[in-house]
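Report on the structure given below.
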Amino acid sequence: PHLQMEEGLGSGFGRANCRAKGGSPGFKVAILGASGGIGQPLAMLMKMNPLVSVLHLYDVVNTPGVTADISHMDTAAVVRGFVGQQQLEDALTGMDLLIIPAGVPRKPGMTRDDLFNINAGIVRTLCEGIAKCCPKAIVNLISNPVNSTVPIAAEVFKKAGTYDPNRLLGVTMLDVVRANTFVAEVLGLDPRYVDVPVVGGHAGITILPLLSQQVKPSCSFTPKEVDYLTDRIQNGGTEVVEAKAGSGSATLSMAYAAVKFADACLRGLRGDAGIVECAYVASQVTELPFFASKVRLGRNGIEEIYPLGPLNEYERAGLEKAKKELAASIQKGISFIKN
Ligand code: NAI
């Protein structure tokens, strides 16, 4: 029923048995929303990931073209395309990891919350499919508003009786990527050597960079630098939305961040030790049911959630403000499914 774009099979001349077998385990990954601004570069980068053996590209439009295009890359992952709701189940069956950038992006003047009505419905539909076809898969949710879509996904999975909080992760990696970049700029460092924890959520003031914990190398900032950096990290998304002037939000840096995060999840699934990244997850780190903080990834998804560590006064004040907004966004997501 779906497009078979496996190397060789498409033409009928492939010698399936001749495919070189590498030593590393291959994981099956699906991208839902694969034809979009994030989806396309994300598909390209995942096709380049040696941990991926099968890559499913699902969207409601345009996956035949994206799949044909990506499938010509001479990397090991086998690519298959699926288009439209009636092919969702085939797209999901057997997957180890799902990456979800399906949904509408912001335009200038919009907040992430303005996307709620459209994206909430899309996330619900996709998660109903996941509960039915691959309830054990790790879910990386990118669709905004992440602060609400993760609680929506959790409620859908609870309703279906498949909820495993360790397998549902809201992707906040772009906030970390931005924080590393902007901090490196201020300090005159190579961003590869910068590692800023970003906690809270993924919208405006709920994005809390813990600049006091930037440890590689240890350094300190002036109050002016802290204000500048916090504001730029919290509004990095809006910076891109305005520069794109109506054509969408961050797609290329987001695809990069999504792949960085998905790769960490896959290395965790493989059993690598010490894989720690920030993500928005079901949490007991604060009194809120969902919160972004550092998590350790392993064979079962999240294996440990780390506490926030010591915060300075500036960060404690930011945390209080963030929690208020976050609580409302979480409640909005839960109510969308419950009512
Ligand atoms: P886009 O509009 O370019 O692409 C979205 C894709 O989703 C389209 O191809 C569309 O056909 C597809 N889609 C719509 N309904 C679908 C359904 N029911 N099933 C499967 N696919 C469906 O948008 P873009 O720029 O790729 O952004 C996608 C989402 O990612 C937005 O919600 C955006 O706000 C969010 N985002 C999240 C970030 C984060 O840090 N978590 C950063 C940037 C964007």
Residue-averaged 222 nm ellipticity for the chain, from DSSP H runs of 4+ at -39500 (n - 2.57), nearest 500 | -13000 deg cm²/dmol
What's the exposure ranking of 219, 133, 127, going from fewest to most Cβ atoms within 10 Å?
-> 219, 133, 127
What is the dipole size for region 19-101, taken about its Cα centre, with +1 at each Lys and Arg Cβ and -1 at each Asp and Glu Cβ, in debye to the nearest 20?
-> 260 debye
Find the centroid of the Cα atoms in region 53-111 and in region 176-204, then give the distance between the two in whole Å.
-> 29 Å
Listed residues 26, 188, 84; largest mean-square fluctuation, Gaussian network over the chain with Cα springs below 10 Å, found at 188
In what sequence do 136, 28 fall when counting other Cβ within 10 Å, fewest first?
-> 136, 28
With charges only on Cβ, +1 for K and R and -1 for D and E, what is the dipole size of the chain about its Cα centre, in debye, rounded to 20?
-> 600 debye
What helices in the chain pass both tests, a Cα length along the helix axis of 30 Å or more and a mean Kyte hydropathy of 1.0 or higher, using whole DSSP H runs?
-> none
What ranking of 73, 95 emerges when the number of other C-beta atoms within 10 Å of each C-beta is taken as an exposure proxy, fewest first?
-> 73, 95
Hey, what do the phi angles of region 80-86 turn into as Karplus ³J(HN,Hα) couplings, whole Hz, using 6.51/-1.76/1.60 and θ = phi - 60°, x for Gly and Pro?
-> 10, x, 9, 10, x, 3, 5
Short version: ³J(HN,Hα) in whole Hz for each residue of region 190-207, in order, from phi by Karplus 6.51 cos²θ - 1.76 cosθ + 1.60 (θ = phi - 60°), x for Gly and Pro, what are they?
-> 6, x, 5, 9, 10, 9, 9, x, 10, 10, x, x, 10, 5, x, 5, 7, 7
Beyond 25 Å between alpha-carbons counts as too far, so tell me which of 132/260; 136/338; 28/260; 28/132; 28/244 fall in that bin.
-> 132/260; 28/244
What is the local net charge at residue 178, summed over the other residues whose Cβ is closer than 14 Å to its Cβ (Lys, Arg +1; Asp, Glu -1)?
-> -3
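Just so you know, all these numbers are worked out from the coordinates, no wet-lab data involved. Since this is a predicted model, take the numbers as computed values, not measurements. Every residue, glycine among them, receives a Cβ derived from its backbone with ideal geometry; neighbour counts consider all protein chains shown.
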